[in-house]
Amino acid sequence: MNSDAALHQKTDKAGWGMVVRNWQGKVLGAWAVPNTSCSNPKLEEAIALRIAMLVAKQQGWRRMEFEIDCMQVVNGINREEDDVIISTVASNIRKLKSNFGECCFTFIRRINNFVSHTLAKMAINLKGSAEWK
């Protein structure tokens, strides 16, 4: 599952985008979620990851690889380093990890995270969440 966050500082809004594929690359679903405020980009990335995990948990998926394009968030979670900006969300992510039989967090480059990034940018202008299956 890929997730990403987009911020629009002038309107103080953020959006989160997620897309999930099975092991064969087939898209199983996509989500665009708006937020009526925006904060630090790293924190928004961590929140997008947490929301992706909640979606995966709700769907009952047990073997997950979460890919995001923010290396600082991935390193902070994997190394269990306390980053003041994302510490509360990172702690919640680590707790959510126990809901999955297999779960890992991987950094990918922005170009490989294009779909979730596009969904996140689109979400900024939405009034409510959008879901595609």
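Things to note:
- The trypsin sites (Lys or Arg not before Pro) of the stretch 1-48 that meet both conditions, a loop assignment by DSSP and at most 14 other Cβ atoms within 10 Å of the site Cβ, are 10, 26.
- Counted charge near residue 58, where neighbours are those whose Cβ lies closer than 15 Å (Asp, Glu -1; Lys, Arg +1): +3
- Exposure ranking of 82, 4 by accessible area [1.4 Å probe, largest first]: 82, 4
- Summed over the residues of the chain and divided among them, the accessible surface reaches 56 Å² per residue at a probe radius of 1.4 Å.
- Here the gap between residue 129 and residue 58, fully extended at 0.36 nm per residue and compared with their Cα-Cα distance, gives a gain of 24.0 nm.
- Summed side-chain charge close to residue 27 - residues other than residue 27 whose Cβ falls under 12 Å, Lys, Arg +1, Asp, Glu -1: +3
- Of 66, 107, the order by accessible heavy-atom surface (1.4 Å probe, DNA, RNA and ligands excluded), from most exposed downward, is 107, 66.
- Highest-fluctuation residue, 28, 49, 119 considered, GNM on the chain with Cα pairs under 10 Å: 28
- Shape metrics for the stretch 1-40, restricted to C-alpha atoms - Rg then Dmax, Å: 12.7, 40
- Inter-label distance for residue 97 and residue 82, nm, one decimal - labels placed 7 Å from Cα along Cα-to-Cβ: 1.7 nm
- Accessible surface of the stretch 1-78, 1.4 Å probe, proportion on carbon and sulfur as whole %: 49 percent
- Rounded to the nearest 500, the 222 nm mean residue ellipticity of the chain from helices alone is -11000 deg cm²/dmol, with -39,500 (n - 2.57) taken per DSSP H run of at least 4 residues.
- Which listed pairs, of 13/57; 42/97; 97/127; 42/127; 10/133; 10/95, have C-alpha distances above 28 Å, in listed order: 97/127; 10/133; 10/95
- Listed residues 29, 101, 76, most fluctuating in the chain (Gaussian network, C-alpha, under 10 Å): 101
- Most mobile listed residue (84, 74, 33) in the chain, GNM with C-alpha springs under 10 Å: 84
- Radius of gyration, Dmax [the chain; alpha carbons; angstrom]: 13.6, 41
The values are calculated or read from the model by the stated rules, or taken from the named source; none is laboratory data. It should be emphasised that the depicted structure is a prediction, and the values quoted were computed from it without experimental measurement. With ideal geometry, Cβ positions are generated from the backbone for all residues, glycine too; neighbour counts draw on all protein chains shown. Protein only, heavy atoms only, side chains kept; ligands, DNA and RNA dropped before computing areas. Shrake-Rupley method; radii C 1.70, N 1.55, O 1.52, S 1.80 Å.
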